[in-house]
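To keep things clear, I will list the structure first and then write my remarks on it.
Every number here is computed from the coordinates shown, using simple stated rules; none is lab data. Everything numeric in this text was worked out from a predicted model, so none of it was measured. Reconstructed Cβ throughout: ideal geometry from the backbone, glycine too, with neighbour counts over all protein chains shown.
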Amino acid sequence: MTNTAPLLELSGIEVRYGAALALQDVSLTIRPGEIVSLLGGNASGKSTTMKTILGLVTPKAGTVALDGADITRLSTPKRIAAGIASVPEARRVFPQMTVAENLLTGAYTRRDRQQIAGDVERMYTHFPRLAQRRRQDAGTLSGGEQQMLAFARALMSKPRLICMDEPTMGLSPLFVDKVLDEIARLNAEFGIAVLMVEQQAELALSIAHRGYVLATGRLVLSGDAAELLANPAVQEAYLGRAG
C-alpha cells in the first residue's frame, strides 16, 4: 500500500482564525483503501484539518489534492460529488426525519434515482437494524444506531474517502467496540479509505493502518499504527503510560 499513489494529500497547510494560528505546515497523505487515524487532544487542530479536507475551511497556505488534482478552492458539494464523505461529530442525524429520509439526504449530489433506490436497499442489507427501523424517526434511535445511520448516510454518496469525526464519542463501551468493528468492515468490504479523527489513541490505532499526531496545530508524530502504539511519547500522552 505504501507504493500506491495518494488518494488525498495535504501539503503545507496553514489555517488561521483571525490572528490565531490553527494549523501550521500540516502535510499528510491518505492512500486508497487505507484507515488513517488523526490523533490529538483538545484544540490540537484535528477538527480544523477535517474541515479543510471537506472544504469548510479555506487554508491561508498549502494545497489539498484529490487523485493528484488541486481541490483547495473546490466547494464542499463538489468534493462530495468527487468522492469525499463525512460522518460528523456526535452523528448529527436529522432527528425528526425517518431513517429512510436520512439516507436519501446522503445522496443529494446524485441524480440517478434508480441507482439511489438500489443503494438504499443495499444499506438495509448491510445494516439490518436500520431496515427494521426505516420508518422510525432518527431521533428515537439509540446512540449506536444513530452512528450506523450516519455511516450509511455517508455511504449513499458513493465515497472513496470517509472522514469520521470522533465516531466513538458518547457511546457505551459495548457500542464503541461495535462501531470500531463496523469501520473496519466498511473499509474491508467496500474498499473505502477512512480518516478517523479521535482523542482515544488506543481505540483509533487498533483498526488503523497509519496515524498522525497533532499538537497545537502542528504534526509532531506519524507512522504505522503499531509503531505509534509502541511509541513512548504516544503512550505517555494518550495512553496514560510512562515511557
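Below, the figures for the structure above:
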quantity	calculated
DSSP-assigned coil residues among trypsin sites (Lys or Arg not before Pro) in the range 61-113, each with at most 11 further Cβ atoms within 10 Å	R73, R111
Principal semi-axes in Å for the range 95-186 [√(5λ), Cα gyration tensor, largest first]	21, 15, 11
17 Å cut-off, amide nitrogen to a point 7 angstrom out along Q199 Cα→Cβ, residues in the range 38-57	38-50
Between the range 61-118 and the range 185-214, the alpha-carbon center distance in angstrom	19 Å
Built amide H within the under 5 Å cut-off of G223, gap 5+	G211
0 to 90° range, to nearest 10: angle between helix 113-126 axis and the chain longest Cα axis	80 degrees
Over the chain: helical MRE at 222 nm, DSSP H runs n ≥ 4 each giving -39500 (n - 2.57), nearest 500	-11000 deg cm²/dmol
Proximal lysines to K78, defined as alpha-carbon separation beneath 28 angstrom and excluding residues fewer than eight positions away on the same chain	K46, K51, K60, K158
